[in-house]
Amino acid sequence: MAGATEGPVREALDALPLVDHHCHRVVTADLDRAGFESLLTEGDVWPGVSPFDSPVGVAVRRHCAPLLDLPRHAPAEDYLARRAALGGPEATRRFLAASGTGVFCVDTGYPPGPAALPVEDAAVYEVVRLEGVAESVAAAGVEPDGYAEAFRTAALAAVRRPGVVAVKSVAAYRTGFDLDPHRPTAAEVTGAAARWLAHGGRLAEPVLVRHLLWTAVDLGLPLQLHTGFGDGDLRLHRADPALLTDWLRLTAGTVPVLLLHCWPYQRRAAYLAAVFERVHLDVGLTLHHVGPARAGAVLAEALEITPFRKLLYSSDACGVAEFHHLGALAFRRGLAELLQDRVDADELALPDALRFAAWAGRDNARRVYGLPGDAPDGD
Amino acid sequence: MAGATEGPVREALDALPLVDHHCHRVVTADLDRAGFESLLTEGDVWPGVSPFDSPVGVAVRRHCAPLLDLPRHAPAEDYLARRAALGGPEATRRFLAASGTGVFCVDTGYPPGPAALPVEDAAVYEVVRLEGVAESVAAAGVEPDGYAEAFRTAALAAVRRPGVVAVKSVAAYRTGFDLDPHRPTAAEVTGAAARWLAHGGRLAEPVLVRHLLWTAVDLGLPLQLHTGFGDGDLRLHRADPALLTDWLRLTAGTVPVLLLHCWPYQRRAAYLAAVFERVHLDVGLTLHHVGPARAGAVLAEALEITPFRKLLYSSDACGVAEFHHLGALAFRRGLAELLQDRVDADELALPDALRFAAWAGRDNARRVYGLPGDAPDGD
Amino acid sequence: MAGATEGPVREALDALPLVDHHCHRVVTADLDRAGFESLLTEGDVWPGVSPFDSPVGVAVRRHCAPLLDLPRHAPAEDYLARRAALGGPEATRRFLAASGTGVFCVDTGYPPGPAALPVEDAAVYEVVRLEGVAESVAAAGVEPDGYAEAFRTAALAAVRRPGVVAVKSVAAYRTGFDLDPHRPTAAEVTGAAARWLAHGGRLAEPVLVRHLLWTAVDLGLPLQLHTGFGDGDLRLHRADPALLTDWLRLTAGTVPVLLLHCWPYQRRAAYLAAVFERVHLDVGLTLHHVGPARAGAVLAEALEITPFRKLLYSSDACGVAEFHHLGALAFRRGLAELLQDRVDADELALPDALRFAAWAGRDNARRVYGLPGDAPDGD
């Protein structure tokens, strides 16, 4: 059980400034109960089913309350009252600082806005969500036969801004991954753009989603892909990363691919990371939703066959900074539990455990995104 | 490992009169070896492969033998001999009483017959299996264009009988969930009824299965759905509850949906329970088949992200009352193991653990089905 | 955690001469770093991502180094240097002997060549890979309308050679299991053969793959099927053994079917083993790739509902004999951990645990393949 593990791996992970390679901005304003609860769940808030009575709610009361000067397991009412008394900005500041994160890579597509977090002593980079770029192009007005070039131009402009380190796609939400893996022809793109532009709305046209993924390859930056767990807008079975296999094969030798979240498909993601050079994975979002009590179990599955060079850390925290803190805590404890147990059982040497912990928490992300750093392992 | 956990959560769960929200009737008659073994497995009985040599058989010898005054782990031969000596009715009475169940909701569609169990001090309610209703309508004779109305009328009559608290569908067996999620038109239903009625047999016509699910919505009662694990008549990959996503979205705001069994898709079911207000789940059938040794592990996955308001208890016991006992025992020990471990690791407060235990074992079912009770948590 | 478990089950499993019912030949020649690393991974070797920095690499350094007279966890460089100094043949001999395997069943289709391993005191049998037979028939030249008969004749000749105990198919790689389950007609086979023979190459024509599976049924020998985890040539979601359900139903009562590897679908494979008489499973390949640290967890899932008569041992070791050793070690420790924990928790009687251990490690394979033995359990 996470939480009980102590020892040198835990100490090293607790001291490591993490690279959170995928997160979102936060609401720093004060939040009432309805507002806070709505940010606590991937569903909605329903009568009689408080999000506090879920694994993530339990984890917030256990691990976030003390940062608001409350006892562990403080009741939800006390938590909300104290958070309100401190004010949203102060609470946010405390959680972000407590996360011990050195680098945040912020998906600026949701909620839309600049990459910014109220942090000192941490670097903030930007991840450009390509569906947002495409939808902006459509909103600005474009002819179907000009869509491909306009999207490409806008995406290039977006990624050339300072601080942009990656692009992201939510194709998993829009169509799922059961797509024709081939690059669509110009004529197919024009025809699909005509269909989409006639009605507008979110980009969910299969040919254009496919075109978006191939455009991402052309951009040359690492590509983050939502896979698995998310909100109620998803069809989970179509977000299985294994469905990407043919596309990964066709795009071999191009950009790094970062499979985000993955749960409950973490083993399938691990398979892809084990056999495709560019594929990496994290279990962000999952870790704070399952909480420290299960983070070790989920990480253990994710790491069953994953090369230790291929696991990254992300919180995928969104909305409330509690999740930036909880994500980091669950990752540190879960990974420490897993590695220290193996060291204690003499299945793993301590120096290797410390190396793998630093890779997963920081160095693998530095390597994939080309972030500055001390390159402590000479890679 | 389940079985070793002691402490206040286990004590509370051991004392809690469970609501078994989905089970079946039992054979109270005496059973010979072949008869007993055939009820012990979801498969058939094969030469050289005794169902006693499976996890559920091991659990029966361990946990049921003492209720027949035998030592733990008694050999199968001794078990069968002692059960025969006591007689089926007495054995059944002992197991049902030992289950500590306060309410049984009995699926009267399989085996067909009235909702009845030889219990004292327990309430028995009925769950109406809609495929059985439809097949009775067909057997009684109906024209294709009268099918929809006749089915609706028969279903209404069935659910208005005293003691009926829910309906159930085995669509997972008949077609699987990869169905067009939309309500079929009257013309589609008539056409499909013509095809089905021409040949008769089990209801497995995709349009009519879809129509059955939508009729369930109209009935207004909670809808139990078989998902995942079952007997050899299943295509497991088509019983994945995630395939229901679009249908759940279209029927939002209507009846409660109870995902039964779920294994090995308990995480996908948990996702649905986390993002759809009406969706609840259990891991019935699974718990006694995996036995107390693995019940905690399966529950831990099922509860990774499930709101604690959304987990229910069912045994799905069928045929022999050993399973009503084993299901209850595996649930109590598995859930106690999970919750007590978190309390011991200071990841969960004891009052919350006790609350969640009572919810899952009794109160969530009372709430969904509107069962009488003390409503101890004021819900 | 595996490794720490001691007790009578572990002692019994350590002393048991295993039947490795599915493995491959080894490279006995000396290997340089690139050559060794390429055999260590199911992927390729990529810059900056050494296969030693993966769970299987960690396990090799931990459990294989001592057999080369090195300390546990020896660095990769030391390991490779010592292996080179000893020479490939000597290293191979040590690992094969340390595996404690009494019987090896060798898939002679990959790498192609005779069933042979440098072992003393162990029997070696052959498993004929049917795709190789079909491709040899094509390479030798055949008319489309003669293909079915030529394939059948060649397969019969292949399986009638001394020492052949089973056939194998890699349909999972070629088309996946989402095939029409019915036996193709002669005309369909001829048409498909015309398409395939016109282009040659690997057998991946869906009708012919289906024909191959039905031909396997006609041959009458146990049929090994690759399912789940493998190299990068796979589409993992199409290798789900549940997709075989309709074919298993149609072929009921014919040959034993052995589901190999299964991960991450071990629970679905377990369902098939629980409801279809002929279906058996192993978690070979997986066990050494996840290493002893996770072998118990994977086996626990595989055994949740599997009858104890239905689990077999295989290493699926290929290329380097380290894997024959590691597979055996991970199996012994993982199964001992699982069974001994249950004995210690009084969930399982020790004699039953010992019986199930011997079944899984040796006797079930003897039974399925009709291998000679003492038939110690009178079966």
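Could you tally the net charge around C:G253, taking each other residue with its Cβ under 11 Å from the Cβ of C:G253, Lys/Arg +1 and Asp/Glu -1?
With Lys, Arg at +1 and Asp, Glu at -1, the net is +1.
Taking just the alpha carbons, could you work out the radius of gyration and Dmax for the protein assembly as shown, both in angstroms?
29.3, 84
With +1 on the Cβ of every Lys and Arg and -1 on the Cβ of every Asp and Glu, and nothing else charged, how large is the dipole of segment A:33-86 about its Cα centre, in debye rounded to the nearest 20? Numbers along the way, then the final one.
On the way: 6 positive and 7 negative charges, 46 e Å.
Charge dipole of segment A:33-86: 220 debye, to the nearest 20.
When you look at the Cβ of every residue in A:348-355, what mean number of other chain Cβ atoms sits within 10 Å?
Numbers: counts 8, 8, 1, 2, 8, 1, 0, 1.
Mean shielding count: 4.
Strictly over 23 Å apart at the Cα level, which of C:K168/C:K310; B:K168/B:K310; B:K168/C:K310 would you flag in this model?
On the way: C:K168/C:K310 18 Å; B:K168/B:K310 18 Å; B:K168/C:K310 33 Å.
Checking Cα-Cα distances, B:K168/C:K310 exceed 23 Å.
Hey, got the Cα dimensions of segment B:124-197 along the principal axes, in Å, largest first?
39, 29, 19
Could you run the Karplus curve 6.51 cos²θ - 1.76 cosθ + 1.60 with θ = phi - 60° over segment A:325-334 and give me ³J(HN,Hα) per residue in whole Hz, x for Gly and Pro?
Rounded to whole hertz, the list is 6, 5, x, 5, 5, 5, 5, 4, 5, x.
I want to verify the translational diffusion coefficient of chain B in µm²/s; compute it with Stokes-Einstein, Rh as the Kirkwood radius over Cα pairs, at 25 °C and 0.890 mPa s. Show your work: numbers first, answer last.
Details: Rh = 21.2 Å.
For the chosen part, D equals 116 µm²/s.
Quick check on the protein assembly as shown: of the DSSP beta bridges with both residues there, what percent are antiparallel, nearest 5%?
Numbers: 6 of 84 bridges.
Within the protein assembly as shown, antiparallel bridges account for around 5 percent of the total.
Give me D for segment A:132-247 in µm² s⁻¹, whole number, from Stokes-Einstein with Rh from the Kirkwood sum over alpha-carbon pairs, 37 °C and 0.692 mPa s.
Details: Rh = 14.5 Å.
Estimated via Stokes-Einstein, D reaches 226 µm²/s.
Let me check I've understood the local charge: for A:L219, count other residues with C-beta under 10 angstrom from its C-beta, Lys and Arg +1, Asp and Glu -1. What total comes out?
Working: positive: A:R152, A:R160; negative: A:D218.
Charge balance in the 10 Å sphere: +1.
May I ask which residue of C:T185, C:H73, C:G327 lies farthest towards the positive end of the charge dipole of chain C, with charges of +1 (Lys, Arg) and -1 (Asp, Glu) on Cβ and the Cα centre as origin?
C:T185
Which one, C:H63, C:V49, C:A34, is farthest towards the positive end of the dipole of segment C:33-86 when Lys and Arg carry +1 and Asp and Glu -1 on their Cβ?
The residue sitting farthest along the positive end of the dipole is C:H63.
Counting only other chains, what is the mean number of Cβ atoms within 10 angstrom of the Cβ of each residue in peptide C:288-299? Kindly include the intermediate steps, with their values, before the conclusion.
On the way: counts 0, 3, 7, 5, 3, 10, 8, 1, 0, 5, 3, 0.
Per residue, the average neighbour count from other chains is 4.
Take segment C:33-86, compute every pairwise Cα distance, and split them into 10 Å bins from 0; I just need the percent in each bin.
Answer for segment C:33-86: a P(r) of 26, 58, 16 percent.
Which order do peptides C:180-192, A:60-72, C:288-300 fall in by mean Cβ count within 10 Å, highest first?
Working: C:180-192: 15.8, A:60-72: 18.7, C:288-300: 25.8.
By packing density, highest mean first, the sequence is C:288-300, A:60-72, C:180-192.
Loop only per DSSP, at most 15 neighbouring Cβ atoms within 10 Å: give me the trypsin sites (Lys or Arg not before Pro) in segment B:173-213, ordered by residue number.
Sparse-neighbourhood loop trypsin sites (Lys or Arg not before Pro): B:R202.
Take every Cα pair under 8 Å in segment C:260-346 that's 6+ residues apart, average their separations, divide by the length, and report that relative contact order as a whole percent.
Values: 122 pairs, mean separation 27.4, N = 87.
The normalised contact order for segment C:260-346 reaches 32 percent.
Averaged across orientations, what area in nm² does the convex hull of the alpha carbons in segment B:1-96 project? Mind dumping the intermediate values first?
On the way: hull surface 29.7 nm².
Computing the convex hull of the Cα atoms and averaging its projections yields 7.4 nm².
Taking the Cα centre of segment B:48-130 as origin and charging only Cβ (+1 Lys, Arg; -1 Asp, Glu), how large is the dipole, in debye to the nearest 20?
Details: 8 positive and 9 negative charges, 36 e Å.
In total the dipole reaches around 180 debye.
Roughly how big is chain C's charge dipole about its Cα centre, with Cβ charges of +1 (Lys, Arg) and -1 (Asp, Glu), in debye to the nearest 20? Don't skip to the end; give the middle numbers.
Working: 36 positive and 48 negative charges, 71 e Å.
Taking the Cα centre of chain C as origin, the dipole is about 340 debye.
From the residues C:A91, C:L281, C:L212, which one has its Cα farthest along the dipole of chain C in the positive direction, the dipole being from +1 and -1 charges on Cβ of Lys/Arg and Asp/Glu about the Cα centre?
Highest projection toward the positive end goes to C:L212.
Using a 10 Å cut-off on Cβ to Cβ distances, tally the other chain neighbours for every residue of B:336-347 and report the average as a whole number.
4
Determine the relative contact order of chain B: mean sequence separation of Cα pairs under 8 Å and six or more apart, normalised by residue count, in whole percent. Intermediate values should be presented prior to the final figure.
Details: 719 pairs, mean separation 84.6, N = 379.
Across chain B, relative contact order equals 22 percent.
Grab the DSSP H runs of chain A that are 4 residues or longer, score each as -39,500 (n - 2.57), total them, divide by all residues and round the 222 nm result to the nearest 500 deg cm²/dmol. Working shown, then result.
Details: 17 runs with 169 residues, N = 379.
When only DSSP H runs of four or more count, the value is -13000 deg cm²/dmol.
For segment B:1-94, what relative contact order do you get, as a whole percent, if you take Cα pairs closer than 8 Å and at least 6 residues apart?
Working: 63 pairs, mean separation 24.2, N = 94.
In percent, rounded to a whole number, it is 26.
List the trypsin sites (Lys or Arg not before Pro) within segment A:76-163 that DSSP assigns to loop and that have no more than 11 neighbouring Cβ atoms inside 10 Å.
Here the trypsin sites (Lys or Arg not before Pro) that fit, given the DSSP loop and packing criteria, are A:R160.
So for segment C:298-379, what percent of the C-alpha to C-alpha distances run longer than 21 Å? Spell out each step's value before the answer.
Working: 1085 of 3321 pairs.
Across segment C:298-379, Cα pairs with separations above 21 Å total 33 percent.
With a cap of 15 neighbouring Cβ atoms within 10 Å, and only residues DSSP puts in a loop, list the GluC sites (Glu not before Pro) found in segment C:1-101. If you can, show how the numbers build up before the last one.
Numbers: sites: C:E6, C:E11, C:E37, C:E42, C:E77, C:E90; in loops: C:E6, C:E42.
When the GluC sites (Glu not before Pro) of segment C:1-101 are filtered for loop state and at most 15 Cβ neighbours within 10 Å, C:E6 remain.
Each value in this text was obtained by applying a stated rule to the coordinates, not by laboratory testing. All values derive from a computational prediction rather than experimental measurement. Methodologically, a virtual Cβ is constructed for each residue, glycine included, from the backbone with ideal geometry; neighbour enumeration extends over all protein chains shown.
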